[in-house]
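As C-alpha cells, the structure follows; a few thoughts come after it.
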Amino acid sequence: MPTPAITQSNVETLVTIFGGSGFLGRHIVRALAKRGYRIRVAVRRPDLAGHLQPLGRVGQIHPVQANLRYPASVQAAARGADVVINLVGILFERGRQTFEAVHADGPGLVAEAAAHVGARMIHVSAIGADKDSPALYARTKAFGEEAVRAAHPSAIIFRPSIVFGPEDDFFNRFAAIARLSPALPLIGGGETLFQPVFVGDVAAAIAKAVAGEAKPDTVYELGGPDVRTFRQLMEFVLETTERHRLLVPVPFALAHLQACFLQYMPEPLLTPDQVRLLKTDNVVSEEAKREGRTLQGLGIDAHAYTAIVPSYLWRFRKNGQFRGRTA
C-alpha cells in the first residue's frame, strides 16, 4: 500500500481523538499520522499512552487527560481542534464505567464540545445499535448516536462489526481459551452471523472522513467481505491454531445462567448482556449496501479475516511459528 500523501492542509489540521489509546485508536492514530495530521489523544491516563508517540514525528502526537464523566475535561481536549473523533467504548460495566455513562451520555458531551469549537465530528458506534434491543450495550450505543446527532447534526457515524487485528479481543480470546480448555462453547448453537472487519480498513475509513471524503450526517456500516456464523469462526480458530477441541452448543438460557456467575470475573469471559447481544446478527444491512454507506462505498477494498488472522494466531499453536500447518 503506497504511503499517503502529506499535504500542508493536513499539517495544519488538529484532530482530537477521544479513546485513542485502545486497539482501534492506535490504528487510527497511525493512519492519521502517516497523512501528516497533528493529533491530540484524549485519554483518562495520558501517562499510559506513551506507546502512541513513536507512531508519528516528534511532537506530532500529544496525549492529554480527559474523562467523559467530566465535561470540563472534554471541552478542554476539544479546544482548537478541527476534527473530533470519539472512540470511547466498553464491553462490560465496572464501577462508574457504565454503558449509560460511556455509550449514552459521553458521546453527546463530545459532540457538544466539537460543535462549540466548530470542529467536524466523527463518532464510532457499533453494528446492532438499536433502542429496542434486549441488550443494554446495543441500546446505549443507539442512545449515544442519537445524542451525537442532536448536538452535532452533520456528524458522521461509523458502525463496525467485530473488528479484528493483531491485538483484537475476539480471535485472540478464543484462541487463548482453546489452548487451555477441552471445548469451546457455541452460544445459541453458534448460529449468530458476524462480518469481521479488519482494523486497518476501519482506520482507513475514518481517515477518509477526516479528509472530507465521507458524507456528513451519514451512518456508515463497516463489515468485511465474508459473513460467517459464530460456529464457522470457531472452526477457523481451531484450524488455524491446530487445536482439536469440542464445539459444544449451549442454549441461550443456560449461557445466561453461566454468565450470571462469569460476569464477576475481573475480565468476564461472558456477561448476561453479551448473551442477549448474541441473539442478533452482527452484519451490514442491505439498506446500507444499497445506499453505499459501506467500506466499498468509501472506495476501500475490505481485507478478508482468513488472509490476516493466521499471521498473529500462530502463537497459539503448540510449537508456535516453528511448525507448519498440518493437512
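The values are calculated or read from the model by the stated rules, or taken from the named source; none is laboratory data. Please read all numbers here as calculations on a predicted model, not as lab measurements. Quick reminder, even Gly has a Cβ in these numbers, built from the backbone with ideal geometry, and neighbours come from all protein chains shown. The protein model used for the area step is the full one, side chains on, heavy atoms only, and it has no ligands, DNA or RNA in it. Shrake-Rupley method; radii C 1.70, N 1.55, O 1.52, S 1.80 Å.
What's the long-distance tail for the range 213-268, i.e. % of Cα pairs beyond 15 Å?
Values: 1102 of 1540 pairs.
Cα-Cα pairs of the range 213-268 separated by over 15 Å account for 72 percent.
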Next item on the list: Mind scanning Lys208/Lys289; Lys141/Lys289; Lys279/Lys318; Lys34/Lys141 and naming the pairs with a C-alpha gap bigger than 23 Å?
Entry: Lys279/Lys318; Lys34/Lys141
Next item on the list: Write down the accessible area per residue of the range 113-259 in Å², having rolled a 1.4 Å probe over the full set of protein chains.
Entry: 38
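For Asp47 and Thr98, what does the FRET efficiency come to when R0 = 30 Å and r is the distance between their Cβ atoms, rounded to the nearest 0.05? Please report the intermediate quantities before stating the final value.
Details: r = 24 Å, r/R0 = 0.81.
Step by step, r from the Cβ atoms, then E = 0.75.
Å³ per residue of the Cα convex hull, for the range 1-83?
Numbers: hull volume 7.4 nm³, N = 83.
Dividing the Cα hull volume of the range 1-83 by its residue count gives 89 Å³.
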Margin query: Give me a comma-separated list of calculated 3J(HN,Hα) values for the range 61-73, in order, Karplus coefficients 6.51, -1.76, 1.60 applied at θ = phi - 60°, integers in Hz, x for any Gly or Pro.
Written below: 10, 10, x, 9, 8, 7, 9, 4, 7, 10, x, 4, 5
Note to self: Let's see if you can work this out: charge +1 on each Lys and Arg Cβ, -1 on each Asp and Glu Cβ, no other charges. What is the dipole magnitude of the chain about its Cα centre, in debye to the nearest 20?
What the structure shows: 940
Margin query: Ignoring everything except DSSP H segments at least 4 long, calculate the 222 nm mean residue ellipticity for the chain; use -39,500 (n - 2.57) per segment, divide by total residues, nearest 500.
Written below: -10000 deg cm²/dmol
Notebook entry, point to check: Non-local amide H neighbours of Leu184 (under 5 Å, H modeled in plane, Pro and chain starts lacking H): which ones?
Noted result: Leu246, Leu247, Val248
Item checked: Residue-count net charge about Leu184 - beta-carbon cut-off 13 Å; Lys, Arg +1, Asp, Glu -1 -> +3
Next item on the list: Would you mind telling me the antiparallel percentage of the DSSP bridges in the range 1-134, rounded to 5?
Entry: 5
Margin query: Need the full-extension length gain, Leu262 to Leu193, defined as separation in residues times 0.36 nm minus the C-alpha distance. One decimal, nm.
Written below: 22.5 nm
Next item on the list: Run through the DSSP bridge list for the chain and note the antiparallel percent, rounded to the nearest 5.
Entry: 10
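What do you get for chymotrypsin sites (Phe, Trp or Tyr not before Pro) in the range 184-281 restricted to DSSP loop and a cutoff of at most 16 other Cβ within 10 Å of the site's Cβ?
Values: sites: Phe194, Phe198, Tyr220, Phe230, Phe236, Phe252, Phe261, Tyr264; in loops: Tyr264.
Listed in order of number, the matching sites are Tyr264.
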Check: Which of the aspartates and glutamates could a cross-linker span from Lys215 if the Cα-Cα distance has to be under 15 Å and same-chain partners fewer than 8 positions apart are dropped?
Finding: Glu291
Checklist line | Whole-percent pair-distance distribution, where bins are 20 Å wide, for the alpha carbons of the chain | finding: 31, 59, 10
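Between Leu254 and Asp217, what's the calculated FRET efficiency when r is the beta-carbon distance and R0 is 35 Å? Round to 0.05. Can you show the working numbers first?
Numbers: r = 43 Å, r/R0 = 1.24.
Given R0 = 35 Å and the Cβ-Cβ separation, E is 0.20.
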Next item on the list: Please give, to one decimal in nm, the separation of the simple spin-label points placed at Glu167 and Ser154, each 7 Å out from Cα toward the Cβ.
Entry: 3.2
Checklist line | the range 166-276 shape via C-alpha gyration tensor axes, a/c threshold 1.5 | finding: prolate
Next item on the list: Calculate the tail of P(r) for the range 48-167: the fraction of all Cα-Cα distances greater than 26 Å, expressed in %.
Entry: 23
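Add +1 for every Lys or Arg and -1 for every Asp or Glu among the other residues with Cβ under 11 Å from the Cβ of Gln232, and state the total.
Working: positive: Arg228, Arg231; negative: Glu191, Asp226, Glu235, Glu239.
Surrounding charge for Gln232 is -2.
Among bridges DSSP assigns within the range 134-270, what percent are antiparallel (round to 5)? Let's see the in-between values first.
Numbers: 2 of 14 bridges.
Within the range 134-270, antiparallel bridges account for around 15 percent of the total.
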Checklist line | Accessible surface of the range 193-293 [probe 1.4 Å, protein heavy atoms]: carbon and sulfur percent | finding: 57
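May I ask you to give the solvent-accessible area per residue for the range 1-95, in square angstrom, as obtained with a 1.4 angstrom probe?
On the way: 4660 Å² over 95 residues.
Solvent-accessible surface per residue comes out at 49 Å².
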